[in-house]
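Notes for the one structure printed next.
The values are calculated or read from the model by the stated rules, or taken from the named source; none is laboratory data. As the structure is a prediction and not an experimental result, all values here were calculated from the model. When we count neighbours, we look across all protein chains shown, and the Cβ atoms used for this are built from the backbone with ideal geometry, even at glycine.
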Amino acid sequence: MFSSVEKEGITVNIERPESNVRRISGSVVVDTPVSGCWDILTDYNNLAVHVPNLVESKLVEWPSPNKPQNKWRLYQEGAQKIIGFNFRAAVTLDMEEKVMPSSESFESHSIDFTMAESMYFAQFDGTWRAQLNGRRLVGRNPDGSPKYEYTSKLFYCVTIRPKGVVPVMALEWRIKEDVPINLKAVKVAAEKLWKQRSEASELAAKARALRQSEPLGPLDDLELESETDPGVSQEETLSVYSDATQREETLEAYNNVR
């Protein structure tokens, strides 16, 4: 069974493959390249700063000594209201990062997560995926190369199966409400971070271009500071040197006479 609802301007899709299983998904366009989304999604220890329904998000120790480089274990705790009751659910997830080979026309990064431990879920598996959505020419870089602005499509999909007496319909309703909120939260965080980085990069590029376009002039144009005492004129300094030389010559002549 399949249905769709519109929430926060985002279409949320709901599948019911089994009576106690729900697969919920949604997507949103983000005004950054794929890397902009990726930097937020993989900032695991700070996800609770960006996602309003997360109370805690932190990396924990991998269960075996030989951890793959692209896998991480993440503990998350969320807080929501379900049918008027405050509901806090913790889940430990194994995250697998996948970076696909990219080109000018295609780029896709994804995180597949599977549940490792939870008191409330028998299954909590899904995917975050960011892929290239489009680009447009907006001008020229300081070096004359084309300057593009990129957009990405951010997808989220999760399959849930409750454990024990937790009603699946209540979880379906809660996650259906949370998916668009979480997608928009990641979108806002990614766009804000990308804007800050872009502005800093543009300032640095302009500074480099300015330095390259204004080389230093010839040494003759530089004002060299005198190493003499500012209270002594050049003529006085020369006079002192001449007097000392004359004294040395007189002494040498006297010694020769003797």
Next item on the list: Please work out if LYS192 is within 25 Å of THR42 (Cβ to Cβ), surrounded by fewer than 16 Cβ atoms within 10 Å (Cβ to Cβ) and basic (Lys, Arg).
Entry: yes
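Matching residues to (1) modelled with pLDDT of 95 or more; (2) out of contact with any Gly (no Cβ under 9 Å at 6 or more places or on another chain):
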{"site": "LYS7", "(1), (2)": "no, no"}
{"site": "ARG16", "(1), (2)": "yes, yes"}
{"site": "THR32", "(1), (2)": "yes, yes"}
{"site": "SER57", "(1), (2)": "yes, yes"}
{"site": "ALA90", "(1), (2)": "no, no"}
{"site": "PRO101", "(1), (2)": "no, yes"}
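The rows are residues; the columns are (1) assigned by TED's automatic domain parsing to the domain that holds ALA79; (2) under 22 Å from SER19 (Cα atoms); (3) surrounded by fewer than 17 Cβ atoms within 10 Å (Cβ to Cβ); (4) at pLDDT 95 or above.
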{"residue": "GLU97", "(1), (2), (3), (4)": "yes, no, no, yes"}
{"residue": "SER108", "(1), (2), (3), (4)": "yes, no, no, yes"}
{"residue": "ILE111", "(1), (2), (3), (4)": "yes, no, no, yes"}
{"residue": "MET119", "(1), (2), (3), (4)": "yes, yes, yes, no"}
{"residue": "GLY139", "(1), (2), (3), (4)": "yes, no, yes, no"}
{"residue": "SER145", "(1), (2), (3), (4)": "yes, no, yes, no"}
{"residue": "TYR148", "(1), (2), (3), (4)": "yes, no, yes, no"}
{"residue": "VAL165", "(1), (2), (3), (4)": "yes, yes, yes, no"}
{"residue": "ALA170", "(1), (2), (3), (4)": "yes, yes, yes, no"}
Margin query: Out of TRP128, TRP173, I need the residue that is aromatic (Phe, Trp, Tyr) and part of a helix (DSSP H, G or I). Which one?
Written below: TRP173
